[in-house]
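Notes for the one structure printed next.
The values are calculated or read from the model by the stated rules, or taken from the named source; none is laboratory data. Please read all numbers here as calculations on a predicted model, not as lab measurements. Positions of Cβ are backbone-derived with ideal geometry, glycine not excepted, and every protein chain shown enters the neighbour counts. Protein only, heavy atoms only, side chains kept; ligands, DNA and RNA dropped before computing areas. Shrake-Rupley method; radii C 1.70, N 1.55, O 1.52, S 1.80 Å.
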Amino acid sequence: MINWLTVILGLGIGTISAQNIQLTLTDRGTDAEFTKTMMMANVFEFRGDSVANPVDFASAKVSDVTEWKKVKAPVVSKAYRRGFTWIFSAIKTDDFAANHTLMLIENPGWTAYNTIIWTDRNHNYDLTDDGLPDTIKPHKTAIIAIDNRPNGFKIMLEHFPASQFKQFAIMNDKAMYQLQGSRLYSGTENSFRIRRMNILFGTWSNGKETFALCVKDANCNGTYSDNGVDEVMIADNGYAFQNLQSCVLKGGKGYLEWNNAAFYIEFVHPDGKYIKVRRDTSAALKYILNKGKKLPKFRYAEPTEKEKIKKRKIRRFRGEDLYVYIWHDQASDYIQDSAALHALGRIKNSGMKILMLNYGASSQYLHRYSRRYETAIFQGFSSNKVNRKLKIRKIPTGILLNKRQRIMDAAISPSEVLEYLKVSSNNKQQ
């Protein structure tokens, strides 16, 4: 976001460059892990009064001996099948089920009736002293606490959508039937998909700028400040965080950069209640472009007719202010930015050039873009090499340059550039 102290220094408008913020963490979010991995809770039939030890899918062998342990089970309806499964967490347990929590299940498969789940949160193999059971209603999900901590480890559980992931279900069935030992596997279609709810976040806003900070209980033990393990991530808004924008806590501290500012993590409450952070917009940044520095030299590809391209130097724009916008048309922020972006491209005699560098579109799409929207915007392609030079950490990103191609702001939206032009124009007329 724009830092007005840097951009319109001559107007005498000041801002506090460093702020100490205590952010309450009230919501649960997700990261890229859920979309990139398929987490399973494989269910086995519960017979008699005993459960088998967990199957470590990554290291289990067909020759492994199955161990059994007696449990105290709640009253389960005889009208339904019964099952058990194990949920991984780093909570210290005994050797029989190291780092796993037991669940007993009434009606584990897809039916028109509820699925009832008892969770052994105190790890004593007594499923009758952990409070009321949880319920998965037909075609619904359930959020289940795995421990008794205030903001502890939770999971979202759903019946595994085998019809949606047929190939995975076939492969998982084949593997589990080989590894089940003396257990009786219930099948992937009678098991569960897991989403770990191990991220707590809070959102800060001053009316102009907004960011969301989260802490991730990376080892799923119910605490959020484990040294060298747990992580802090940042985004413009919550719920979906990118693991690339993360730091691992060392001695309870960490460092992040976002939207032209440095974030010094000072303290994370072990129960995930809040996080203390110092936000500094004047600090010299390590991982993104710094204000006042010259933009690195690079060449980009410019689309022309008949799907041909020309190589262009970024230095061709010296002599006028330049706004570089790196984008792709599927990004939600681009859709929000597009109206202001096109408005910028229609302003005449502003003394500013607009260059859009696309990441992923076709040559003809870009060649026709400015004509289609009746703008005077220069079009080109970004690339991994260009993105690395510009230290791009999210797309879209806007960079504002002065006539000498020194960086005025390395994270500025089109609407903020419009406002900057308006303020600059008014200042010149005074």
Exercise. Hey, can you tell me all the residues within the stretch 366-380 that are surrounded by fewer than 18 Cβ atoms within 10 Å (Cβ to Cβ) and either touching a residue at least 12 places away in the same chain (Cβ under 8 Å) or closer than 26 Å to Ile234 by Cα (or both)?
Key: Ser370, Tyr373, Glu374, Ala376
Practice problem: Quick one: Ala97 ticks every box in (1) closer than 29 Å to Lys78 by Cβ; (2) surrounded by 17 or more Cβ atoms within 10 Å (Cβ to Cβ); (3) at pLDDT 95 or above except a single one, so which number is it? | Solution: (3)
Exercise. Return the residue satisfying two criteria in turn: it lies in the stretch 252-295 and is among the β-branched types (Val, Ile, Thr) and over 24 Å from Val386 (Cβ atoms), and of such residues it is surrounded by the most Cβ atoms within 10 Å (Cβ to Cβ).
Key: Val268
Practice problem: Confirm whether Phe57 is under 19 Å from Met171 (Cα atoms) and either open to solvent by 100 Å² or more (accessible area, probe 1.4 Å) or among the hydrophobic types (A, V, I, L, M, F, W, C) (or both). | Solution: yes
Quiz item: Which residues, taken from the stretch 101-114, are open to solvent by less than 70 Å² (accessible area, probe 1.4 Å) and either of a type outside the set (Val, Ile, Thr) or within 30 Å of the chain's Cα centre (by Cα) (or both)?
Solution: Thr101, Leu102, Met103, Leu104, Glu106, Asn107, Pro108, Gly109, Asn114
Quiz item: Which ones in the stretch 407-420 are more than 20 Å from Glu257 (Cα to Cα) and either at pLDDT 95 or above or touching a helix residue (DSSP H, G or I) at 6+ places or on another chain (Cβ under 8 Å) (or both)?
Solution: Pro414, Ser415, Val417, Leu418, Tyr420
Quiz item: Of the residues that sit in the stretch 325-365 and are among the basic types (Lys, Arg) and assigned to a loop (DSSP other than H, G, I, E, B), which one is surrounded by the most Cβ atoms within 10 Å (Cβ to Cβ)?
Solution: Arg346
Quiz item: On the given criteria, is Leu5 surrounded by 14 or more Cβ atoms within 10 Å (Cβ to Cβ) and either outside any helix (DSSP H, G or I) or at pLDDT 50 or above (or both)?
Solution: no
Exercise. Give me a count of the residues in the stretch 255-278 that are at pLDDT 95 or above, in a strand (DSSP E or B) and not aromatic (Phe, Trp, Tyr).
Key: 7
Quiz prompt | Matching option when the condition is touching a Ser or Thr at 6+ places or on another chain (Cβ under 9 Å), among the hydrophobic types (A, V, I, L, M, F, W, C) and touching a residue at least 12 places away in the same chain (Cβ under 8 Å), among Val65, Val51 | solution = Val65
Quiz prompt | In the stretch 58-94, residue nearest to Asp217 (Cα to Cα) [restricted to those that are within 34 Å of the chain's Cα centre (by Cα) and modelled with pLDDT of 95 or more] | solution = Ile87
